[in-house]
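The values are calculated or read from the model by the stated rules, or taken from the named source; none is laboratory data. Just so we're clear, the structure is a prediction, and the values are computed from it rather than from any experiment. In this analysis, Cβ positions are derived from the backbone assuming ideal geometry, glycine residues included, and neighbour counts consider all displayed protein chains. Remember, those area values only see protein heavy atoms, side chains included, never the ligands or the DNA or RNA. Shrake-Rupley method; radii C 1.70, N 1.55, O 1.52, S 1.80 Å.
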Amino acid sequence: MPTPVLEAPDRAPEPKKSGPVGGGLLDPRQMLRSLPDALKKLNPVTLWRNPVMFIVEIGAVFTTVLAVLDPSFFAWAIVIWLWLTVVFANLAEAVAEGRGKAQAATLRKAKTDTQARRLKSSTSTEWEAVGAPELQQGDYVVVEAGEIIPGDGDVVEGIASVDESAITGESAPVIRESGGDRSAVTGGTKVLSDKIIVQITQKPGESFIDRMIALVEGANRQKTPNEIALNILLAALTVIFLVATVTMQPLAIYSKLINPGVADSLALDANGVTGVVLVSLLVCLIPTTIGALLSAIGIAGMDRLVQRNVLAMSGRAVEAAGDVSTLLLDKTGTITLGNRQAGEFVPVAGVSEAELAEAAQLSSLADETPEGRSIVVFAKQQYGLRERQPGELAHAEWVPFTAQTRMSGVDLDGREVRKGAATAVMKWVRDHGGHPTEEVGHLVDGISGSGGTPLVVAEKGRVLGVIHLKDVVKQGMRERFDEMRRMGIRTVMITGDNPLTAKAIADEAGVDDFLAEATPEDKLALIKKEQEGGRLVAMTGDGTNDAPALAQSDVGVAMNTGTSAAKEAGNMVDLDSNPTKLIEIVEIGKQLLITRGALTTFSIANDIAKYFAIIPAMFAAVYPGLDALNVMRLASPQSAILSAVVFNALVIIALIPLALRGVRYRPSSASKLLSRNLYVYGLGGIVAPFVGIKLIDLLIQFLPGMS
Amino acid sequence: MSTTAAGLIFIVSLIAALALLHKPFGDYMYRVYSGARHNRLERGVYRLLGVRADTEQSWPVYARSLLAFSVISILVVYGIQRLQDKLPLSLGMKPVTDHIAWNTAISFVTNTNWQAYSGESTMGHLTQMAALAVQNFVSAAVGMAVAIALVRGFARRKSGTIGNFWVDLVRGTIRILLPIAFVGALVLVSGGLIQNFSGVHEVTTLTGGAQSITGGPVASQEVIKELGTNGGGFYNVNSAHPFENATSWTNWFEIFLILVIPFSLPRTFGKMVGQVRQGYAIVAVMGVIALTSVLLTNLFELGGHATVPQAVGAAMEGKEVRFGVANSATFASATTLTSTGAVDSFHDSYTPFGGMMTLFNMMLGEVAPGGVGAGLYGMLILAVITVFVAGLMVGRTPEYLGKKIGAREIKLASLYFLVTPALVLIGTASAMGSAEQRAGMLNSGPHGLSEVLYAFTSASNNNGSAFGGLTVNTPWYDVALGLCMVFGRFLPIILVLALAGSLAAQAPVPEGAGTLPTHRPQFVGMVVGVTIILVALTFLPALALGPIAEGLS
């Protein structure tokens, strides 16, 4: 059976910056759907995990009590907006989780409904119907077009197109076949054509889909190290502002005391600043914006990976991805196209190129390897030789390529043509009484030296020439590597080739370094060496012998098609099995951290304007000079305070899309990134609330009780 | 020459002198703390103390040594004060009362030098020399030791130790403070300061009144008071006294002494971490903040008094004629930007905004350039916090000088940042909340509030200067301010040492194009911004009800 040539991605995919990752637009329906969850999250038992919002909730409860005891329109307006602040924060998290939940629901459906046709044995064709959960490791099941694959496993027989949209979201079907590197299938996906026999590799209840459900739901999401650190900083800021507001009270009482002529107001009376206003000030000062969005940012980061078909087994790995400074990339499939291709026919003296091409084509017809096929294709493209089918030549005795002989060819009416590895073909020539000239040796060495693979073509007794098989570097790789360099990431190409060959390809692709003649041990040693120097290493792998290196690396991305050992060892799985995606994973990791930093900066910068709104509102009555701080010229103390509180709440809602989508990230140097983000989120964070609070004030000053 | 021009020349010549010495002096200190050899005097001291000078200490051991040394120091200083009548050179002074003795002991051991007493009428010569002046040296050396230990944390790689406290203490005292103090004292004597052991002289003034003037070893104490950013004056009026600060020229020299170590330590830091440009960045942050503050204070003081007060001489209230407005303002900035607290004019009499600047300088945590050692470690903590937020914005988990700023590091840095503001605000609130304590205020209204706020800011930040006006030698203030001084000094030190230990244990991450550069103007600007914004946000409500309310009225 001929092996269908699978389309290897022939160029590095452009990072998807929009599309399904979106969530960019505020979707009111999504918000509405998440509202019940947001309200459930008001439960203090769960909310205390978020210290900033927990303080806001306590403040909201406290002001509610005050408003009940001493009702006024102003007090109730503040109470409502304080509660809304907490609800908006919960909403951010709920929306982020909701996207995962929807996905999980689909996944769960795929899982429960499945019935399996279990074969009695690997050889029998008899089957019995069992429920998918009953399948054990090692069972064989048969799946036909229209049926759902009942569990994770490897295709042992047949080929089929499979709809993996249930897990990958990608509607285009993929080919799964026995043998090769595309044999793994995932439970819950649907066979669209043909029939395959699958050997189950999962334990019951531990399927990939089970793990995915757990991951996308994020039910037991662990806080990542950086998230914990940021939470500590936010808690510290909260404490500082708590102290600053509470200790202001005796000072306020004193200030009121020494100005006995000043009438009590809703903001300040003989007992100091009123509780409602004090809580308002506190809530405006503590970093509510980032406190509200922090967990949503983390969930959305994982989600962005999921949408790019990468499953991160821990949030820690996603964070580590942002820090990666060394990227180990396998040459084959990542930097170059999966297979080497014929690029040149070099005849020996006295043989024409056409003659060589004809012999090369003839001898390769029985070679079903991708290299062999590429020779046939090249002969057709360059020399116009029509592809002949083995059947159309009578009396031909085909010699297929095997790993032992390392040759292929044909015996045709007494003419014997062979093509294959230099040593093998030379030996064959000598065995048939020929004497390969020195010229052949030079050609072979020349091609090896330039990084190519030489295949010698011979007719009985004499060498005709050499085929130059070349590695074809994928388009766009050099640009990607330049980008990486600008981001401060070193790329190392891993290859089994000899150093000379490796260097040639490394130069062509533009990687920083290469590891030639790499064994799994070499790979592991390289990772350890890099880590010893304090660098974080990311790599992809699929084979069992990659497992130790995957486990050692900081970000180990296993290909979904890879062996289960590799999947266990890595901390991410790429469902598309596209090694180039490592680059995108690094970008997502960085984007996650940048989003956190940007919103923290924004949140703190916001405080400046809020002070300018609230301090004069509280104290201009006792010290009229302080009205000079009311630079926004807000209408009244009440409207100033309420505007600040409303702005503080609305900014959370306004930033939910940004938290879910992540801030814009373009690979560039740290300095440039920082300048841009400081400009947008630092300066923007200072200016935006001045504008926002003023606008809100312009609207609400007409409400009753605002003057 | 106009006042402004004179003031500018004063400032520019100071900057020039500091810039000139920054490199050689910073390099010298680097050699002092990095060298392996001990000199004979030091070996003698180590034998006397019974310490093994060649063993390195982990951070808890370093911290314990430091605390033990400080506790013993407090007891000794307390004991000498209480027993001074039984000791020689007492000048007939009575034992110092218990709450003042406790306050003073803490004050000098913590490098604060808050003085709840009047020097010339309370302390005998032996107390001044053996208790107070000794602490002026060693408390400064302690601050420097902590800074050096933190720098070692950044410089070291996978190390369990951060140096040896005793070695750092002894070397800082013997090789840095003593030689400069010796030369500096001679310079000051030549500038007109006194240095003798004479007692009280009764003199009749020109107007016929009687005055008792105490002589004493003033120059030797003056030099270390400034050099070690201590600030505790021999006389009650501190550097406003002609025996402590004779001329405009000695005034310049004293400011120079205040600033020379804090502004040179960043160079030492740069050398120790192997990248002098990192030191330049830190000194740039300090310089930008300091210069802005000095210029603003000058501006408020020179401009704050309009033509009329100038004509009637009111602009000079609280200031010495021989120094003038500008030089007094510069001294006031220098003394509050560092943890010195010496004064040559009375901040209470400054314009509201000028007075606020001195308050704000201290509220910055005294980091620009800050106390000897304390300024550097305070600034490095702020750099760590800046790196944490900014580092995220370049898409990496934050790192500073190759060391990751993770949960533990940010916890220690945040707690450090929490301590002093909490002490200041809680202290101020407690005093303002009690009518009894409010009675100590000289002025009512927002200015009275500023007096209290200033006292707690000064004590908690280990500055030691007084706004003046507030009566603080009551048991309540002595105890409360004493607690602020102790916690304000030692809690941050413990946190810094813990941070040093945690950083030293890390393997550094190599620098790359993706690393946040921490030596560029961009970073300098950011640290300046973070410092000012964080402090402004924390203290704005209190400032609004004090100096701002007063200034805008």
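Provide the FRET efficiency to the nearest 0.05 for the B:ILE15-B:VAL183 pair, computing r from the beta carbons and using R0 = 22 Å. Don't jump to the answer; show the numbers that get you there.
On the way: r = 22 Å, r/R0 = 0.98.
For R0 = 22 Å, the calculated efficiency reads 0.55.
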Practice item. Please calculate the 1.4 Å probe accessible area of A:ILE197, with all protein chains present, and give it to the nearest 10 Å². Key: 20
Practice item. Keeping the other protein chains in place, figure out the carbon and sulfur percent of the accessible area of the protein assembly as shown, with a 1.4 Å probe. Key: 62
Point to revise | Coarse-grained scattering of segment A:540-659 at q = 0.09, 0.10, 0.19, 0.20 Å⁻¹, given as base-10 log I(q)/I(0) from a Debye sum over alpha-carbon atoms | key: -0.51, -0.55, -0.95, -0.99
**Study point:** Cut-off of 10 Å, at most 13 other beta carbons, DSSP loop: longest stretch of chain B lacking such trypsin sites (Lys or Arg not before Pro)
**Key:** B:159-553
Exercise for review: Return the Cα extents of segment B:1-117 along principal axes one, two and three, sorted largest first, each rounded to a whole Å.
Suggested key: 53, 43, 28
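In square nanometres, what is one fourth of the surface area of the convex hull spanned by the alpha carbons of chain B?
Average projection, Cα convex hull of chain B: 24.9 nm².
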Point to revise | From the C-alpha gyration tensor of segment B:388-477, square roots of 5λ in Å | key: 39, 12, 11
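Would you please give the FRET efficiency between B:ASP27 and A:GLU479, computed as 1/(1 + (r/R0)^6) with r the Cβ-Cβ distance and R0 = 51 Å, to the nearest 0.05? Write down the numbers at each step before the final one.
Details: r = 46 Å, r/R0 = 0.90.
My answer for the efficiency is 0.65.
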Check your understanding: For the residue pair B:ILE213 and A:ALA628, what label-to-label distance in nm results when each label sits 7 Å from Cα along the Cα-to-beta-carbon direction?
Key -> 4.3
Study note, to complete from the structure: Per the rule of 0.36 nm per residue minus the C-alpha distance, extending A:HIS395 to A:ALA354 adds in nm 12.4 nm
Check your understanding: Using θ = phi - 60° and the Karplus form 6.51 cos²θ - 1.76 cosθ + 1.60, what ³J(HN,Hα) does each residue of segment B:71-83 get, whole Hz, x for Gly and Pro?
Key -> 5, 4, 4, 4, 4, 5, 5, 4, x, 4, 5, 6, 9
Revision key, fill the gap. Given a 1.4 Å probe, the accessible area of chain B per residue, as a whole number of Å², is 33
Check your understanding: Roughly what angle does helix A:353-364 make with the longest principal axis of chain A, taking Cα atoms, 0 to 90 degrees, to the nearest 10?
Key -> 80
Review point. Roughly what angle does helix A:422-431 make with the longest principal axis of chain A, taking Cα atoms, 0 to 90 degrees, to the nearest 10?
Key: 10
**Study point:** Simple spin-label estimate for B:ASN236 and B:THR55 in nanometres, 7 Å along Cα-Cβ
**Key:** 5.0
**Study point:** Under-5 Å amide H pairs with A:GLU157, H placed in peptide plane, nonlocal only
**Key:** A:ILE197
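How large is the direction-averaged shadow of the alpha-carbon convex hull of segment A:232-272, in nm²? Don't skip to the answer; put the middle values down first.
Working: hull surface 12.2 nm².
Dividing the Cα hull surface by four gives the mean projection, 3.0 nm².
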Revision key, fill the gap. Chain A: spread of alpha-carbon positions along the three principal axes, whole Å, largest first, is 122, 58, 43
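Suppose R0 equals 45 Å; then what is the FRET efficiency for A:ARG664 and B:GLU202 from their Cβ-Cβ distance, rounded to the nearest 0.05?
Working: r = 79 Å, r/R0 = 1.76.
So the FRET efficiency works out to roughly 0.05.
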**Study point:** Phi-based couplings in Hz for segment B:171-188 (Karplus 6.51, -1.76, 1.60; Gly and Pro marked x)
**Key:** 5, x, 6, 6, 8, 10, 6, 4, x, 5, 4, 4, 5, x, 5, 4, 4, 5
Review point. What whole number of Å gives the distance from the Cα centroid of segment B:503-553 to the Cα centroid of segment A:483-544?
Key: 40
Study note, to complete from the structure: Probe 1.4 Å, heavy atoms of protein chains only: per residue, the accessible area of segment A:337-472 in Å² is 47
Study note, to complete from the structure: Stokes-Einstein D for segment A:372-466 (10 °C, 1.306 mPa s, Kirkwood Rh from Cα pairs), in µm²/s, comes to 112
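Rounded if a/c is under 1.5, else prolate if a/b beats b/c, else oblate: with a ≥ b ≥ c from the C-alpha gyration tensor eigenvalues square-rooted, which is segment B:110-240? Walk me through the numbers before you get to the answer.
On the way: a/c = 3.34, a/b = 2.64, b/c = 1.27.
The shape class here is prolate.
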Point to revise | Per-residue ³J(HN,Hα) for segment B:193-198, Karplus 6.51 cos²θ - 1.76 cosθ + 1.60, θ = phi - 60°, Hz, x for Gly and Pro | key: 7, 8, 8, 8, 10, 6
Revision key, fill the gap. Simple spin-label estimate for A:ALA129/B:GLU436, 7 Å along Cα→Cβ, in nm, reads 8.9
Point to revise | 20 Å Cα-Cα threshold exceeded, pairs from A:LYS331/B:LYS404; B:LYS271/B:LYS403; A:LYS331/A:LYS581; A:LYS40/A:LYS101 | key: A:LYS331/B:LYS404
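Please state, to two decimals, what the Cα-based radius of gyration of the protein assembly as shown comes to when divided by 2.2 N^0.38 Å (N = residues).
Working: Rg = 38.5 Å, N = 1260, 2.2 N^0.38 = 33.2 Å.
For the protein assembly as shown, the normalised Cα radius of gyration comes out at 1.16.
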Exercise for review: List, largest first, the extents of the alpha carbons of segment A:429-492 along their principal axes, each in whole Å.
Suggested key: 59, 18, 15
Check your understanding: Based on the inverse mean of 1/r over its pairs of different Cα atoms, what is the Kirkwood hydrodynamic radius of segment B:170-324, in Å?
Key -> 18.2
**Study point:** Separation of alpha-carbon centers, segment B:319-339 and segment B:239-285, rounded to whole Å
**Key:** 15
Exercise for review: State the Cα centre-to-centre distance between segment B:462-497 and segment A:595-628 in whole Å.
Suggested key: 30
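Just subtract the alpha-carbon distance of A:LYS529 and A:THR423 from 0.36 nm times their residue separation and send over the number in nm, one decimal.
Details: separation 106, 0.36 × 106 = 38.16 nm, distance 3.66 nm.
Length difference between fully extended and current span is 34.5 nm.
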**Study point:** Area accessible to solvent at A:GLU438, 1.4 Å probe radius, in Å²
**Key:** 150
Study note, to complete from the structure: Residues whose built amide H sits under 5 Å from the amide H of A:ARG490, excluding neighbours closer than 5 in sequence, are A:THR326, A:LEU327
Review point. Taking amide H positions as placed 1.01 Å from N in the peptide plane, with prolines and chain starts having none, which residues 5 or more places from A:LEU464, or on another chain, fall under 5 Å of its amide H?
Key: A:VAL457, A:ALA458, A:GLU459
